[in-house]
Amino acid sequence: MTKVYFASARAKKWKYDASMPGKLDRLLKEIGLMDYFSPEEWIAVKTHFGSEGAHRIIRPVFLRKVVDSLRRIGAKPFVTDTVRIKGLDYLEIANQNGINHLSVGAPVVLADGLYGNDNVMVKAGDILGQIAVASLIHDVPAMVVCSHVKGHINAGYAGALKNLAMGGISSSHRTCGWKCGRGAMHTIGEGELVWDADKCELCLQCEEVCPLDAITFKDDEIVWNRDICWRCGRCERVCQTGVLQLPGDDERFMRSLAEAAKAVISTFEPLKIIYINFLTEIQPECDCMPSADVPVMQDAGILISGDLVAIEQASIDLLLQAGPLEQSLAADRKIQKGDDILMKLHGKPYQIQVTEAERLGLGSRKYELIEV
Ligand code: SF4
Ligand code: SF4
């Protein structure tokens, strides 16, 4: 069975060792960084920079602990993410959210360039065919995948698989645009926007939330630019009336996530990736949304493993034990202790991500949880 190391979020003593940063230090020692990485090796620390209003990302102090641990073994880490909005603006967002060279102790760079189309086509699988992997992640020999576990519009559950699958892929490709980028997963590249003019309240939230200005309104009619749209689903999510939809196939989407994750890690030699899942500030939506609602579950802690599937299964199992927090979206929806909170919130068959990843040989769902 694969080992997954776990540190609880509870801090029951007033000393550094009992704190979460202190426990992360211990987790990084337990995993044995020298078993994975070499001195002088360049190592990508993949995280999510968040958005202007979604501040509940992995806190910079944790990224700093990862960077410092890698530096102690003589490696050369840098912190990275793929472009979600225009690259220069995204670096400003990272800085605003506290992620910069000074805070994390390493360069902060974009994995797919300032224009988000710096990528390499990699064979994926039956659903996606090929997919545009961010060139930096394609080329770097080693990686620490730091994933903020939370809910997600399309994926239901967002952890390491989603961080790799969407976060390791560019939004667009120079030649085929969104069709071999992230959008290829969101609606498997075929989604067409559906809009009901009679029921639209013209609140314009869909227009405001779109990162690409792919939606505008003219004479009270929606104008959708299908050629630039990433199929990210934000417009559908914010539409309170449900009159705007981007239909997709949930099961195929979950399987495509596993396929894309496989493509992203396919360029690494064995034992060159470590996964760290942060079960903290577990908000209902992704860190890329324009705001972050209060968490729906209490902080559980931090997990670390060399096995992608095992850490995802262990994270899901911990979430399934959690109860809904008062005064959160989970309480609004009358979710009870014992319910699958993320399933109740999003209605997505998210566990298919993990079973498919195991089927594709990305790891094992059988794990041994070791608390440190
Ligand atoms: S799915 Fe909606 S929000 Fe996302 S890029 Fe397309 S139009 Fe914009
Ligand atoms: S968010 Fe929905 S209701 Fe509001 S303008 Fe867009 S389609 Fe219409």
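The values are calculated or read from the model by the stated rules, or taken from the named source; none is laboratory data. A quick note: this is a predicted structure, and the numbers were derived from the prediction, not measured. Backbone-built Cβ (ideal geometry, glycine too); neighbour counts: all protein chains shown.
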- Task: Please give the number of the condition I169 fails out of (1) more than 16 Å from ligand 2 (Cβ to nearest atom); (2) modelled with pLDDT under 90; (3) under 27 Å from Q353 (Cβ atoms).
- Result: (2)
- Output the number of the condition that R64 fails; it satisfies all remaining conditions of (1) in contact with a Gly (Cβ under 8 Å, 6 or more places away or on another chain); (2) surrounded by fewer than 22 Cβ atoms within 10 Å (Cβ to Cβ); (3) within 26 Å of Q313 (Cβ to Cβ). (3)
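Just give me the residues in the range 213-237 being among the β-branched types (V, I, T) and either at pLDDT 85 or above or within 15 Å of ligand 2 (Cβ to nearest atom) (or both), in sequence order. Show your work before the answer.
From the range 213-237, those among the β-branched types (V, I, T) are 215-216, 222-223, 228; that's our starting set.
I215, T216, I222, V223, listed by residue number.
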- Query: Hey, any hits in the range 284-291 for a residue that's in the same structural domain as Y36 (by TED's automatic domain parsing), crowded, with 21+ Cβ neighbours inside 10 Å and outside any loop (DSSP other than H, G, I, E, B)?
  - Reply: no
- Task: Count, please, the residues in the range 253-270 that happen to be surrounded by fewer than 16 Cβ atoms within 10 Å (Cβ to Cβ) and at pLDDT below 95.
- Result: 0
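Can you tell me which of V108, V83 is in the same structural domain as P141 (by TED's automatic domain parsing), buried (at least 21 other Cβ atoms within 10 Å of the Cβ) and under 18 Å from V144 (Cβ atoms)?
Values: V83 fails: under 18 Å from V144 (Cβ atoms).
Result of the check over V108, V83: V108.
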- Residue that is surrounded by the fewest Cβ atoms within 10 Å (Cβ to Cβ), among those in the range 228-248 that are in a loop (DSSP other than H, G, I, E, B) and in contact with a strand residue (DSSP E or B) (Cβ under 7 Å, 6 or more places away or on another chain): P247
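Name the residue that is farthest from L193 (Cα to Cα), counting only residues in the range 249-283 that are basic (K, R) and in a helix (DSSP H, G or I). Talk me through it step by step, then tell me what you get.
Let us first name the residues in the range 249-283 that are basic (K, R), namely 252, 255, 262, 272.
Now narrow it down to the ones that are in a helix (DSSP H, G or I): 252, 255, 262.
Working: R252: 18, R255: 22, K262: 29 Å.
Out of the qualifying residues, it is K262.
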- Note on the structure: Scanning the range 194-212 for residues that are in a helix (DSSP H, G or I) and either in the same structural domain as G53 (by TED's automatic domain parsing) or near ligand 2 (Cβ under 6 Å from one of its atoms) (or both) gives Q205, C206
